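J.: Pasting a structure below so you can have a look.
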């Protein structure tokens, strides 16, 4: 399993990433409220464009939920795999989910897309970091358990709630 020092380093990096993303969202909301940022919105009568944008936010919210580490671990868990194979399976699943939804980037704000992309990168980083601290003979179950322990010990390491909230906020702005 992970030593305390290794776990603290992994959590520290994840928290720094989470803090950075949270700060970016806070700045975006502050600018939107102050009117400093002018966002292009579809014309009021352009129902089809608005529908496509709302559907994109829905799909990205689903993507965010599917690549959230607790959900991902539960969904792709395969007993009998070693840690390296489980690591590859988790990373492959994140990449596939992301690639399947990449076209949604044209319908959402750059900030929303960056948040989703950052979530993907952060989750892949956490998986790789935790896997690197495991012994060579570790099982896939050891990796999954260690990932969940990192998230339980530091809930701020998981950005999926922040990203989901940001996507929801932007979708609600479209519905006004």
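The values are calculated or read from the model by the stated rules, or taken from the named source; none is laboratory data. Note that this is a predicted model, so its numbers are computed, not measured. Cβ: placed from backbone, ideal geometry, glycine included. Neighbour counts: every protein chain shown.
J.: Run down 159, 151 and say which single residue is in contact (Cβ under 8 Å) with a residue 40 or more places away in the chain, closer than 30 Å to residue 50 by Cα, buried (at least 18 other Cβ atoms within 10 Å of the Cβ) and within 18 Å of the chain's Cα centre (by Cα).
T.: Values: 151 fails: closer than 30 Å to residue 50 by Cα.
Only one candidate passes the filter, namely 159.
J.: Filter region 165-176 down to the residues that are in contact (Cβ under 8 Å) with a residue 24 or more places away in the chain and either buried (at least 19 other Cβ atoms within 10 Å of the Cβ) or outside any helix (DSSP H, G or I) (or both) and list them by number.
T.: 166, 167, 170, 171, 175
J.: Return yes or no: is residue 61 within 30 Å of residue 141 (Cα to Cα) and modelled with pLDDT of 90 or more?
T.: In short, yes.
J.: Against the condition farther than 20 Å from residue 138 by Cα, surrounded by 15 or more Cβ atoms within 10 Å (Cβ to Cβ) and either modelled with pLDDT under 95 or touching a strand residue (DSSP E or B) at 6+ places or on another chain (Cβ under 6 Å) (or both), how does residue 32 come out, does it pass? Write out each step before concluding.
T.: Numbers: farther than 20 Å from residue 138 by Cα: yes; surrounded by 15 or more Cβ atoms within 10 Å (Cβ to Cβ): yes; either modelled with pLDDT under 95 or touching a strand residue (DSSP E or B) at 6+ places or on another chain (Cβ under 6 Å) (or both): yes.
So residue 32 fits the description; yes.
J.: Something else now. Just checking, which of 82, 128, 74 is surrounded by fewer than 18 Cβ atoms within 10 Å (Cβ to Cβ) and touching a strand residue (DSSP E or B) at 6+ places or on another chain (Cβ under 8 Å)?
T.: On the way: 128 fails: touching a strand residue (DSSP E or B) at 6+ places or on another chain (Cβ under 8 Å); 74 fails: touching a strand residue (DSSP E or B) at 6+ places or on another chain (Cβ under 8 Å).
Among 82, 128, 74, only 82 is surrounded by fewer than 18 Cβ atoms within 10 Å (Cβ to Cβ) and touching a strand residue (DSSP E or B) at 6+ places or on another chain (Cβ under 8 Å).
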